[in-house]
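Remarks on the structure that follows.
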Amino acid sequence: MIDLRSNENPYKPLDKVTNSICENMNSMNRYLSAKELDTLKEKASEYSGAEKNRIVFGPGTDFLIERVLIKNFQNKNLYLLNPCFYKSVGTALDLGMGLRRIQIVPPNFHILWDNLHIEKNIVLIDSPNNPTGKYLVEANQIQKLLEKDNIVIVDEAGYEFGEKTMIDLVDKYKNLMIVRSLDKSFGLAGLKVGYCICGDELLKAFGNNISINRASWSASLETLNHSEYSDECVSKIKEERKYLMDELKELDFKVYESNANYILIESDIPQLALELKDRGILIEDLSYSWLKNHYRVSIGKREDNKALINELHIIKKEEA
Amino acid sequence: MIKIGLLVNPIAGMGGNVGLKGTDGKMYKKALDLGAEPITPGRIKEVLKLITRQDIKFLVPPKSMGENYIKNFSFDYKVIGKIKTETTEEDTKKLAKQILDEGADVLIFVGGDGTARNVLDAVETKIPLVGVPSGVKMFSSVFTFSPRAAAEMINNMGDDFIEKEVLDIDEDAFRENRLEAKYYGTVIVPNLNHLLQGKKSPSSTKHSIKEEKKRVAQYVLDNMNEDYVYILGPGTTVREITDTLNVDKTLLGIDAIHKGELIGRDINEKEMLKIIHEYKKVKIIITPIGGNGFIFGRGSKQISSKILENVGKENTIIVSTIDKVGNLEYLRIDSGDYEVDKSYGGLIDVIIGYNDMILLEVKF
């Protein structure tokens with residue numbers, strides 16, 4: 001099976017990264033110390049440009065988001081975009097929070113933030129947005145939301161593919177949190193490593209707890225030490241993204257420009273995802289949770305993308 | 001072993017190629033005169049070819065309504081009921097009922113909107129349906145996209161079902177030369193979604209659709225204001241509210257409740273105006289039509305522009321489930337009065353769970 005539905009990095013991590021986990025095996029009987037974690041935070045600070053003391057590591061972005069929800073849910077609604085891929089939505093419901101989902105619609109997926117009048121709530125925005133691959137909120141909008149006493153969580157898990165960030169605002173706004181991930185361009189999805197950069201108030205949601213394990217720590221440290229790996233993956237994925245988009249356009253698919261490691265496409269071929277699944281390729285069908293005929297395709301390696309295009313050629317031919 | 005009913009409307013879709021709007025009633029004769037050929041046999045064969053599971057017993061009507069197609073395959077089957085050479089919609093209703101009584105777990109039907117309406121009348125939501133599109137008119141969302149999807153529904157059927165709507169031409173509108181779809185009711189179909197669930201699939205809901213509907217009802221009830229009369233539109237999401245209250249609501253009509261008691265059943269515009277006049281404080285609870293997103297102006301015409309003008313957008317409560325409303329780009333209104341439509345325009349909340357809402361724009 002070729003899996004093009006999970007937005008993973010298709011390239012293997014560096015040997016140095018996998019070896020670092022092995023090398024740390026002998027210390028697996030020891031908890032990770034605050035000092036050790038500090039070295040990782042320093043690395044992340046160097047990489048992201050954020051102040052070290054604002055950085056918190058955790059097992060995946062959903063974990064970090066959930067911490068903030070648990071600490072701040074009272075009398076607040078959670079605003080997010082539809083469709084939504086967060087497991088933390090379940091936590092919000094368990095906490096009894098109200099959910100307000102904002103439907104995003106083609107062709108521009110533009111959100112009229114000012115018309116929403118959001119005040120004293122929590123707003124969770126992915127930037128770039130999944131599944132559109134677009135930036136749906138600008139810095140001035142975020143500032144307006146922050147000034148209306150909202151807690152704003154900006155999920156920049158896909159930051160490396162578009163390089164637009166709101167990190168600069170964190171020093172100024174105590175109610176802002178930026179979430180990042182090493183799961184994507186740094187290739188650690190199997191370890192689920194996320195980190196966040198928090199404004200003063202939100203930092204309180206975390207305390208001094210150490211939430212990542214030694215294996216994740218050593219791999220994270222090593223992969224951040226070799227951030228050229230991430231750069232290379234990003235440039236290869238961008239190249240593949242262009243290849244895939246060109247080929248899909250050639251095949252008459254509607255393809256949306258993307259700043260991420262996936263693309264949104266539209267096709268009226270009946271049950272396209274099911275058809276492809278039978279042919280050994282998985283793509284994400286958004287027809288059930290969002291709009292009919294819309295699919296999200298993660299960017300794979302050249303051979304995977306080629307296989308997809310080949311099968312689509314065959315399906316198209318059979319259709320005709 | 002599962003029992004699968006298979007019901008074919010042998011004349012469905014014949015009008016299409018000869019330029020007719022359907023083959024309902026007298027139109028069939030006309031279609032024949034124009035040289036129309038049956039198209040359903042090909043459709044159903046495609047579906048049967050793709051069914052791979054073996055633990056099946058088919059329940060089929062005789063001849064052209066089922067038996068003729070199944071006998072060319074190696075499936076175990078039993079013939080149910082009797083038919084004459086020329087079949088009518090009465091046959092469809094009667095045989096669907098007989099198949100249901102014979103203990104079918106699911107019913108595959110082949111036809112168009114007219115057939116869907118007949119099947120709806122006979123089985124309602126008692127068993128899931130698999131609708132194979134073969135008609136001229138196919139407004140209803142009950143139909144699968146392809147024979148392939150229909151076969152998958154059978155091959156992978158579990159106990160997860162979602163609701164779909166049966167729509168057909170609004171004959172009153174049609175006489176006035178407008179082609180509009182009218183809502184006739186709701187049926188259930190197997191949920192194919194789980195076949196495609198990925199590691200990073202949308203987390204739209206934690207609960208089944210049925211469960212979600214109960215949560216919508218509970219949220220509405222917990223927020224009901226005793227000072228208000230609630231006018232209730234058609235559909236099962238709205239009916240879940242009255243079911244919870246133990247009030248007997250019509251499925252297709254408009255009803256009104258006050259302090260948890262029914263004060264109007266299947267009411268028309270005049271009766272609604274009387275209620276508004278008498279009680280002053282009135283709210284409307286409505287569900288959008290799946291596929292096109294109409295909240296007012298289609299389906300339940302009794303809720304006229306005059307009613308809407310009196311009630312206002314702020315007193316309009318829209319309920320739905322995410323599987324239905326998540327598919328919509330916009331909600332729509334076409335009450336016949338532009339000023340009223342305009343006053344309902346802009347963003348509105350649709351309740352899709354307990355304190356769970358999706359914001360959509362109302363277009364007019």
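The values are calculated or read from the model by the stated rules, or taken from the named source; none is laboratory data. The structure presented is a predicted model; accordingly, all values stated were derived computationally and were not measured. Ideal geometry is used to build each Cβ from the backbone, glycine not excepted, and the neighbour counts take in all protein chains shown.
Please work out if A:Ser185 is closer than 26 Å to A:Ile299 by Cα and touching a Cys at 6+ places or on another chain (Cβ under 8 Å). Can you show your working first?
Details: closer than 26 Å to A:Ile299 by Cα: yes; touching a Cys at 6+ places or on another chain (Cβ under 8 Å): yes.
Yes; evaluated as a whole, the condition is true for this residue.
Counting only residues that are closer than 20 Å to A:Leu169 by Cα and among the charged types (D, E, K, R), region A:95-133 holds 4 of them. Within region A:102-121, the residues that satisfy the criterion of being at positive phi and more than 10 Å from every other protein chain (Cβ to nearest Cβ) are A:Phe109, A:Lys120. Those strands (runs of 3 or more DSSP E) of region B:54-141 in which 1 or more residues are out of contact with any His (no Cβ under 7 Å at 6 or more places or on another chain) and within 30 Å of B:Gly291 (Cβ to Cβ) occupy B:106-111, B:129-133. Taking region B:248-364 as the region of interest, the strands (runs of 3 or more DSSP E) fully inside it that hold 2 or more residues being within 14 Å of another protein chain (Cβ to nearest Cβ) and small (Gly, Ala, Ser) are B:346-353. How about region B:11-53: which of its residues are at pLDDT 85 or above and in a loop (DSSP other than H, G, I, E, B)? Selection gives B:Ile51, B:Thr52, B:Arg53. Tallying residues that are in a strand (DSSP E or B) and facing another protein chain (nearest Cβ under 7 Å) within region A:282-298 yields 3.
Look through region A:241-277, keep the residues that are among the acidic types (Asp, Glu) and surrounded by fewer than 19 Cβ atoms within 10 Å (Cβ to Cβ), and return whichever of them is nearest to A:Glu156 (Cα to Cα). The extreme case among them is A:Glu257.
Taking the criterion of being within 14 Å of chain A (Cβ to nearest Cβ), surrounded by 22 or more Cβ atoms within 10 Å (Cβ to Cβ) and more than 15 Å from the chain's Cα centre (by Cα), the only residue of region B:110-148 that qualifies is B:Pro147. Restricting region B:34-80 to residues that are of a type in the set (Gly, Ala, Ser) and closer than 22 Å to B:Thr92 by Cα, the residue that is surrounded by the most Cβ atoms within 10 Å (Cβ to Cβ) is B:Gly66. Note on region A:1-114: enclosed helices (runs of 4 or more DSSP H) holding 1 or more residues that are of a type in the set (Lys, Arg) and under 15 Å from A:Asn213 (Cα atoms) are A:34-48.
Residues are listed down the side, and each one gets a yes or a no for (1) free of Cβ contacts under 8 Å to residues at least 12 places away in the same chain; (2) crowded, with 22+ Cβ neighbours inside 10 Å:
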{"residue": "A:Asn29", "(1), (2)": "yes, no"}
{"residue": "A:Leu37", "(1), (2)": "no, no"}
{"residue": "A:Lys43", "(1), (2)": "no, no"}
{"residue": "A:Phe57", "(1), (2)": "no, yes"}
{"residue": "A:Lys71", "(1), (2)": "no, no"}
{"residue": "A:Gln74", "(1), (2)": "yes, no"}
{"residue": "A:Phe109", "(1), (2)": "no, no"}
{"residue": "A:Asp114", "(1), (2)": "no, no"}
{"residue": "A:Pro128", "(1), (2)": "no, yes"}
